[in-house]
Structure formats: C-alpha cells, structure tokens
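Asker: Take this structure first; my questions come after.
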Protein chains: 2
Amino acid sequence: MSSAPSKTIADNSDKLVTTLERPRERIVKSAIELFRQHGIKGIGVDAIAEAAGSNKMTLYRHFGCKDDLVCECLKQVSSEKERIWVDLEDAYPGEPARQLRGWVDEAAQRIFNDLRGCDLVNAAVELKEAGHPAQKVIMDAKKAHVQHLVELCRRAGVQQYEQLAQALVLLVEGARVCGQSIGIEGPQQRLKQTCEALIDAFSKH
Amino acid sequence: MSSAPSKTIADNSDKLVTTLERPRERIVKSAIELFRQHGIKGIGVDAIAEAAGSNKMTLYRHFGCKDDLVCECLKQVSSEKERIWVDLEDAYPGEPARQLRGWVDEAAQRIFNDLRGCDLVNAAVELKEAGHPAQKVIMDAKKAHVQHLVELCRRAGVQQYEQLAQALVLLVEGARVCGQSIGIEGPQQRLKQTCEALIDAFSKH
DNA sequence: AATGTGTGTTACCGGTCAGTAACGTCCCAA
DNA sequence: TTGGGACGTTACTGACCGGTAACACACATT
C-alpha cells in the first residue's frame with residue numbers, strides 16, 4: 001500500500017525530529033511534545049508541522065482538523081501508558097503484589113522527574129467545550145487505567161481491592177497535580193511511603 | 001476617596017451581573033466565572049467586559065493587561081478559599097479534630113457539586129509560560145492552604161500531623177482532578193470514607 | 001515513458017484576540 | 001456652576017491562528 005520510508009535523501013531535518021519516520025508519525029510526536037510544553041491552545045498547527053520537519057498542508061492531509069490531531073496524540077499517549085501493565089508483568093511475572101508496589105514506584109518516579117502533570121488531565125482542563133471529541137478519549141483511557149489497577153489489587157489478594165485501587169489513584173493523581181501547581185516542595189514528596197503504608201494496611205485484613 | 005456606588009440609573013444590566021457593584025468588581029466576578037466555564041485562554045477580554053455589563057476600555061483602565069486580570073481573579077479565588085478556616089473555627093470552635101472532619105466533608109461536597117476542578121490548578125495547567133505572574137499567585141495560595149491543613153492536623157493532636165495533612169491534600173486534589181477528567185463515576189466517589197479512615201488511622205498512635 | 005501518490009511551497013482567507021486612541025457622557029464634589 | 005474623574009462607545013491596529021487553494025516536485029510502480 002504505497003508506504004515507502006522517507007529515508008531517501010539526506011533530509012534537511014530542520015528541527016528536533018531526526019527522521020526515518022514518515023511525516024505523520026513525526027507530526028504526532030512533535031505535537032505531543034509541544035502540547036506538553038505549551039498546552040494545546042498554546043501552540044499552533046504551523047509550529048507543530050515545522051517542528052516535525054513538515055508543513056501545515058501535510059498535517060491537514062493526515063488530520064482533518066486540529067482536534068483530530070489532538071485526539072490522535074491523546075490516544076497515542078494513553079496507549080503508551082497502557083504498556084506499563086505488560087512491563088510490570090514482565091518485571092514481576094505472576095507476582096501481582098510486587099507489581100502493585102512496582103506501579104507505585106513507577107508513578108512516584110515519574111512525578112519527581114516531570115512536573116508537567118498528566119497529558120490527559122491537562123487536556124481535560126483545556127478542552128472544556130461541551131462534546132469535544134477529546135473528552136471521550138480522555139475518559140476512556142482514565143477509566144481503563146483505573147480498571148487495570150483495580151484488577152491488579154484484586155489479583156494481589158487484597159479483599160477490599162476496589163477501595164485500595166481508588167485510593168491509590170487519588171493519591172497519585174493528586175501528587176501529579178500538586179507537583180504541577182506547587183512545585184517540587186509540594187505535599188507529594190512522601191507519596192511513595194504513603195501509598196505503601198496504605199497497601200500494607202489493606203493487605204492485613 | 002471618590003468611590004460612589006453606580007446605583008444611579010436603572011442600569012441596563014445587559015448580562016448576568018446585577019449591578020450595585022462598581023465595574024471593577026463586576027469585571028473580576030465575571031472573569032472568574034467565565035474563566036471557570038471556558039478556561040483562561042478560552043475566553044477573550046471583550047466577552048468578559050460585556051458579561052460584566054462594561055466594556056474593554058474600562059477593563060484595561062483597571063487592569064493593565066489580561067494577565068493582571070487573571071492574577072487578580074486568582075487572588076480573589078484564593079482569598080475566598082481561605083475563608084474556610086475561619087468558617088470551620090466558627091462551626092466547631094476549639095475542636096480542631098471536628099474541624100478536620102469538617103474540612104474533609106466540605107471538600108467532598110464541593111467535588112461532587114462541581115466537576116470543573118480547582119481554579120488554581122486549572123490556571124496552572126493553562127499558564128505554562130516560564131515566569132508567568134500567575135504562577136507565583138498559585139504557588140503561594142496552594143502552599144498556604146497546605147500549611148493551614150498541616151497546622152489543623154497538629155492542633156487536632158495527630159502525632160504525624162504533617163504526613164496526614166499531606167496525604168489528605170493528595171487525596172482531595174486527586175479527587176477533584178479525577179472528577180474533572182473521568183466524570184462522576186470516577187474513583188473519587190469514596191473520597192470521604194477514605195479520608196476519614198485515614199484520619200482514624202493517624203489518630204490512634 | 002507515463003502515471004499516481006505523498007509531500008513541500010507559497011499565498012491566501014476569515015476570524016479572533018490583546019491592546020490603544022479619541023471622543024463623548026454622566027455625575028460628584030468643590 | 002464648573003471642573004474633573006470615572007465610565008461608555010466606536011473604531012482601529014497588528015498579530016496570530018485554523019484552514020484551504022493551487023502548483024511544483026520527487027519517487028515508486030507499471
């Protein structure tokens with residue numbers, strides 16, 4: 001189906017995108033990064049296309065409008081997030097309890113290394129217009145993530161697995177958003193210990 | 001000096017702002033509401049002025065630029081938030097433990113009645129430009145809020161008062177942001193019980 | 001050699017938005 | 001009565017932004 005890699009010439013790769021990928025992938029990748037830096041409403045499609053070493057026309061040939069590009073970015077972000085569940089299974093195969101600790105550890109590390117918060121949450125904050133297509137993407141991804149964690153808690157042998165999972169989600173989401181609004185010195189510093197203590201408490205009975 | 005209420009004529013109050021207040025107050029009030037509805041970057045100064053029953057020129061006479069108006073709105077929002085501490089003291093005078101439960105109850109109710117999240121957090125998400133004046137306003141307000149809660153936990157006789165306060169902040173912030181991104185069916189439904197259980201656990205030793 | 005697809009380039013449109021200028025009006029205080 | 005301060009109105013600027021049109025080019029397939 002006519003998919004030739006654009007490795008042809010010594011591509012004058014203007015920006016950060018060292019090619020080998022096709023324009024579509026480069027555009028999505030650049031868009032994700034620029035949305036992260038400037039917010040969705042804070043960056044224009046022209047700047048995105050340029051950062052991808054492409055141009056606005058090509059962008060609009062792949063995505064009918066900016067909102068479609070936004071949705072594609074959010075889908076990609078959430079599918080990358082989904083990978084954590086198989087990574088945890090690989091790291092601690094057949095040990096759901098350890099996987100749960102691993103999930104906490106991962107979350108805590110991510111929060112300390114990046115104070116820009118969750119892409120999905122940030123998008124939800126920006127895109128308030130009723131019925132915006134991105135809202136469904138965000139909601140579905142978040143629900144799926146919660147559901148995965150609930151399932152992990154159940155497999156870890158926790159009786160009140162749903163309560164534990166929900167509390168952990170609140171703590172982690174709260175920690176991310178605190179890092180974003182308060183900065184490093186926020187109340188999210190003891191996130192890991194708090195989560196682990198909570199897991200311990202729920203694991204006893 | 002020279003502060004006469006503009007009650008003069010049967011003001012053709014175009015919009016939602018039933019006057020009696022002066023333009024400045026009406027503009028701030030309208031801006032807070034419209035920022036809440038559409039986001040800061042999602043509404044223009046013209047629409048704000050009109051909703052306030054005023055006009056852009058008057059707005060710019062009171063606020064040098066949009067960012068200044070944003071800062072003023074955030075300051076007002078946070079000072080309104082501050083009122084909860086005296087309200088709690090009024091409701092349960094000399095009973096910090098009950099005040100703490102009251103704080104949780106208040107937060108839980110607010111989250112269920114309004115899924116639009118915290119104005120300060122939302123502003124922090126939107127205003128990412130390095131050195132934006134609103135960032136300091138947000139940070140100061142959030143830090144003060146956390147500090148107030150820490151102090152309340154201490155006064156409530158909790159030994160590890162700082163840990164408890166920080167965990168409660170994470171839970172509540174997480175709950176707000178979950179309501180915003182997931183909707184009513186999010187994991188924030190059991191927020192109150194979770195917080196109360198946490199307070200119980202911390203109060204025992 | 002001919003064709004078609006994906007891509008790049010330039011230019012444009014219409015709309016919105018932050019911010020300003022100039023002028024007029026109303027009302028209060030002196 | 002008069003002056004001044006606060007406010008309203010209209011019109012404008014310059015920038016940006018989402019989206020489109022038209023044309024050119026490069027390349028792979030046939």
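Asker: Suppose every Lys and Arg Cβ carries +1 and every Asp and Glu Cβ carries -1, with no other charges. What dipole size does chain A come out with about its Cα centre, to the nearest 20 debye?
Answerer: 180 debye
Asker: If we hang a label 7 Å off Cα along the beta carbon direction at A:GLU25, how far is it from the matching labels on the other copies, in nm, shortest first?
Answerer: Counterpart label points of A:GLU25 in the remaining copies fall at 6.1 nm.
Asker: I'd like the mean, over residues of A:161-173, of how many other protein chain beta carbons sit within 10 Å of each residue's own Cβ.
Answerer: Partner-chain Cβ atoms within 10 Å, mean over residues of A:161-173: 6.
Asker: Something else: Fully extended, how many nm does the chain gain between A:ASP67 and A:SER203 (0.36 nm per residue separation, minus their Cα-Cα distance)?
Answerer: Additional length available on full extension: 44.6 nm.
Asker: While we're here: Averaged over B:136-147, how many beta carbons belonging to a partner chain fall within 10 Å of each residue's beta carbon?
Answerer: That works out to 3 on average.
Asker: Could I ask something else about it? Which value, in debye to the nearest 20, gives the size of the charge dipole of the protein assembly as shown about its Cα centre, when Lys and Arg are +1 and Asp and Glu are -1 at the Cβ?
Answerer: 240 debye
Asker: Is it possible to state the helix-based mean residue ellipticity at 222 nm for the protein assembly as shown, with each DSSP H run of 4+ residues giving -39500 (n - 2.57), the sum divided by total residues, to the nearest 500 deg cm²/dmol? What is it?
Answerer: Here the helix-only value at 222 nm equals -22500 deg cm²/dmol.
Asker: May I ask you to report, in nm to one decimal and beginning with the shortest, the distances from B:LYS204 to the same position in the other copies, taking label points 7 Å along Cα-to-Cβ?
Answerer: Reported distances to equivalent positions: 0.5 nm.
Asker: Do you know the relative contact order of chain B, to the nearest whole percent, from alpha carbon pairs under 8 angstrom that are 6+ apart?
Answerer: 18 percent
Asker: Next question, about the same structure. So which of B:LYS81/B:LYS142; A:LYS66/B:LYS41; A:LYS128/A:LYS192; B:LYS75/B:LYS136; B:LYS81/B:LYS192 end up more than 22 Å apart, counting from Cα to Cα?
Answerer: Pairs exceeding the cut-off: A:LYS128/A:LYS192.
Asker: Now for a separate question. Starting from the Cα of B:ARG155, step 7 Å along the direction of its Cβ; do the same at A:ALA47; then give the gap between the two resulting points in nm.
Answerer: Going by the 7 Å Cα→Cβ label model, 4.5 nm.
Asker: Continuing with the same structure: Given 37 °C and 0.692 mPa s, how large is the Stokes-Einstein diffusion coefficient of the range A:73-204 in µm²/s, with Rh as the Kirkwood radius over Cα pairs?
Answerer: It diffuses with D of about 213 µm²/s by this estimate.
Asker: Please compute the contact order of the range A:103-205 in relative form: average sequence separation of alpha-carbon pairs under 8 Å and at least six residues apart, divided by the residue count, as a percent.
Answerer: It rounds to 35 percent for the range A:103-205.
Asker: Lys/Arg Cβ at +1, Asp/Glu Cβ at -1, dipole of the protein assembly as shown taken about the Cα centre: which of B:ILE199, A:ALA47, A:ALA123 is farthest positive-ward?
Answerer: Of the candidates, A:ALA47 comes out farthest on the positive side.
Asker: With angles folded into 0 to 90 degrees, how steeply does helix B:23-38 sit against the dominant principal axis of chain B? Use alpha carbons for both and round to 10.
Answerer: Compared with the principal axis, the helix lies near 60 degrees.
Asker: Just tell me how shielded A:119-129 is by partners: mean number of partner chain Cβ atoms within 10 Å of each residue's Cβ, no decimals.
Answerer: Per-residue shielding by partner chains comes out at 6.
Asker: Could you give the distance between the Cα centres of the range B:57-89 and the range B:90-146, to the whole Å?
Answerer: 14 Å
Asker: For B:LYS128, list long-range residues whose amide hydrogen, built 1.01 Å from N in the peptide plane, is under 5 Å from its own amide hydrogen.
Answerer: Under 5 Å from the amide H of B:LYS128 lies no amide H from a residue far enough along the sequence or on another chain.
Asker: Still on this structure, I have one more. Kindly write out, for the range A:123-134 in residue order, the coupling ³J(HN,Hα) from the Karplus curve 6.51 cos²θ - 1.76 cosθ + 1.60 (θ = phi - 60°), rounded to whole Hz, with x marking Gly and Pro.
Answerer: After applying 6.51 cos²θ - 1.76 cosθ + 1.60, I find 5, 4, 5, 7, 9, 8, 3, 4, x, 4, x, 5 Hz.
Asker: Let me ask something else about it. Need one word for the range A:20-97: rounded, prolate or oblate. Basis is the Cα gyration tensor (sqrt eigenvalues a ≥ b ≥ c); a/c below 1.5 gives rounded, then a/b vs b/c decides.
Answerer: Note, shape of the range A:20-97 comes out prolate.
Asker: Hey, another quick one. Rounded, prolate or oblate: which fits the protein assembly as shown, taking a ≥ b ≥ c as square roots of the Cα gyration tensor eigenvalues, rounded meaning a/c under 1.5, else prolate when a/b beats b/c?
Answerer: Oblate shape, in that a/c is at least 1.5 and b/c is the bigger or equal ratio.
Asker: When a/c reaches 1.5 or more, the comparison of a/b and b/c decides; with that in mind, is the range A:130-205 rounded, prolate or oblate per its Cα gyration tensor?
Answerer: oblate
Any read-out appearing in this document is the output of simple, stated calculations on the displayed coordinates, not a laboratory observation. All of these numbers come straight from a predicted model, not from anything done at the bench. Using ideal geometry, Cβ is built from the backbone for each residue, glycine included, and neighbour counts are taken over all protein chains shown.
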